[in-house]
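Below is one structure, written out as C-alpha cells; the observations come after it.
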Amino acid sequence: MLAPAPWRWRRSPLLGRFGVYAPRVPGILSTTRQSEVLCTAISAPPTHTDGILNGIDLVTGQPIHHDPFTAYQRKTVSSPNVVVLGDVGKGKSALIKTVYVYRPLAFRNRRTVVADRKDQGGEGEYSELCRQLGGQPIRFQVGAGGSRINLLDPVIGVSAESATQLAGQLQLLRAVVHAASGAEPDSWQGAALRTAHIRALSEAEAAGRIAVVDDVIAALRLAPPTEMFGDVATSAARDRFAEAALGLAFDLERVCGDDLAGLFDGPTSRDVGLADRLTSFDLSQLPTEGPAIPLVMTVLNTWLTNLLRRRRGWQTTFVAEEGWHLAEGVGARLFQRNSKLARGIGLANVVALHHLADIPEDSPAVAMLKEAETVYMYAQAREDDASRCVRLYSLPPHLLGDLMTLQQGVCLLRIGAGAPLLMQHLRSSTEVALTDTDAAMTGTIEGGAR
C-alpha cells in the first residue's frame, strides 16, 4: 500500500494579487514597443558598432559607439561637428579627452589638434600626452619666448571672396582690427585695410620674402594709390581715406605691440606645424582677459582649415574645450564660416560650452550650435540653461528635469535626428589617470568621470 503524499503549502494566486506574500508593486501603462528593452535577446544596440566606444546606454545596457567621421560615412549625420554642453565638473573634459583625443589615436590616418587652454602645472594639460606620443607642445605666450603665427602666412588664403570660401588673411586682419578698436571696420577702413594688404603682399613678393603684419602697418601710412578713386578723386576723399588708414595703423601697431606682442608680429615659427597624431597648441599662459585667447584660437583654426584644404587624405579633429572664446569672441563669425566648410576638408570641430542661456539669440554661436549634429548634454543645474538646451535641440519637454539632475559622467547624447540616448561615459584605469584634472587640488587620482 502506497504512503500518502506529503502535504505541501502552496501560495494562493488570489492572495498574491492582494500583496499578502510580498509588497504589491503597481503596474504602469506601457506598449510592446517600449517593453522591447525587457527582452535583451531582441533589443538592438542603439548605435552602429563601427564608431568609437563612448559608453553604455543606461536604458538598454547596450554599448554606444559613435564617431563623427564614421557616422558621416554611414549618412547618420550630415555635419561632422560636435558640441559638448554642461556645467563645470560634470564630465565634458573626460569625454573629450577619451573619445575625441585618446581613443582615435588607434585609427589610421587620424590626428587631433588641440587648442589647450587649461593650465596644469605651468603648461597645458595635453602637453605631457603630446610628449609621450613623440611630439612637443607648441607654446604661445605674450612677449618673448613663445611661438608665433603670421597672419599673412602663405598657408592661409589671401581673402575669402564669398561665404563658400574659408576665411583668409584679410578676414584675420579685420578680426585683429575689431579686437583693437572694439568695432568692425567701416567701409573706409575696410577699403584702406584691403589696399594696404595687397600693397604689403606685392612689395614683399618683389623683395623675395613673406609679408608680415608690419608690412601692412607700413602700407597704411602711405598715400592711397592715385588710381583708386578714378574720376571722382577729391581732396576730401583722399583726406578721409588717409585718416581711416592712419587710424588703422595706430590700432594695429598698438595691439600687436601690447596685448598681442609676440603672437602675430613676425614670420610663423618653425615649430608651428601638424604632427602625425596629436598636435597641442599650448595657450595656458595667455592672459584670461583681453583679445589674445580668442584671436589665437581663431587664427589657429583658420590656419588649420586652409592647410587641410591643401593637404587632404587625413581625418582631423580640432578640439577647443573652452569653446566660448571661439563661439563668442571677435573671431566667432570666422569660426562659424570655417565650421560650415569642415566636412569638405575632413575636419571635425569639437567645442565644449557651458551656460547656454548667456549666449544672445543673434550670436554666431547659436548657428554653430544648431549646425552640430553630435551633441552631448551633461547636467545643467540652472533652469534657464537647461530650458535653452531643450528648445535649441527640440527635446521632449519632460527631459528638462532630467537634464538638471544628471549624475556626473552621465549625459544625453543626440546623434543626427535620432532620439536622445541616456549614456554613462566609461573610462579605463589608464584613461582615469589621463583625464584627472584635480591632481593640483587633491594630490590623488580619483575614479569619477569629470
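Table for the structure above
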item	result
Count - residues of the range 179-192 that are at pLDDT 90 or above and either crowded, with 22+ Cβ neighbours inside 10 Å or not aliphatic (A, V, I, L, M) (or both)	7
Residue list for the range 381-414, restricted to those being touching a strand residue (DSSP E or B) at 6+ places or on another chain (Cβ under 7 Å) and touching a residue at least 60 places away in the same chain (Cβ under 8 Å)	C389, G409, V410, C411, L413
Subset of the range 93-125 [part of a helix (DSSP H, G or I), of a type in the set (K, R) and surrounded by fewer than 23 Cβ atoms within 10 Å (Cβ to Cβ)]	R103
Candidate set from the range 169-203 (those that are free of Cβ contacts under 8 Å to residues at least 24 places away in the same chain and outside any helix (DSSP H, G or I)); member that is farthest from A237 (Cα to Cα)	G182
Which numbered condition T288 misses (of (1) outside the structural domain of R139 (by TED's automatic domain parsing); (2) surrounded by fewer than 15 Cβ atoms within 10 Å (Cβ to Cβ))	(1)
Close pairs from the range 419-441: first in the same structural domain as L105 (by TED's automatic domain parsing), partner modelled with pLDDT of 80 or more and loosely packed, with under 12 Cβ neighbours inside 10 Å, Cβ under 8 Å, at least 6 apart	A440/G121
Flag if G143 is out of contact with any strand residue (DSSP E or B) (no Cβ under 9 Å at 6 or more places or on another chain) and not assigned by TED's automatic domain parsing to the domain that holds F241	yes
Tally of residues being out of contact with any strand residue (DSSP E or B) (no Cβ under 6 Å at 6 or more places or on another chain), assigned to a loop (DSSP other than H, G, I, E, B) and either at pLDDT 85 or above or surrounded by fewer than 23 Cβ atoms within 10 Å (Cβ to Cβ) (or both) across the range 330-378	10
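Rundown of residues vs (1) outside any loop (DSSP other than H, G, I, E, B); (2) modelled with pLDDT under 95; (3) within 21 Å of L170 (Cβ to Cβ), yes/no style:
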{"site": "R238", "(1), (2), (3)": "yes, yes, no"}
{"site": "D251", "(1), (2), (3)": "yes, yes, yes"}
{"site": "V255", "(1), (2), (3)": "yes, yes, yes"}
{"site": "A261", "(1), (2), (3)": "no, yes, no"}
{"site": "D271", "(1), (2), (3)": "no, yes, no"}
{"site": "L274", "(1), (2), (3)": "no, yes, no"}
{"site": "S284", "(1), (2), (3)": "no, yes, no"}
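The values are calculated or read from the model by the stated rules, or taken from the named source; none is laboratory data. Remember, it's a predicted structure, so these values are computed and weren't measured experimentally. Every residue, glycine among them, receives a Cβ derived from its backbone with ideal geometry; neighbour counts consider all protein chains shown.
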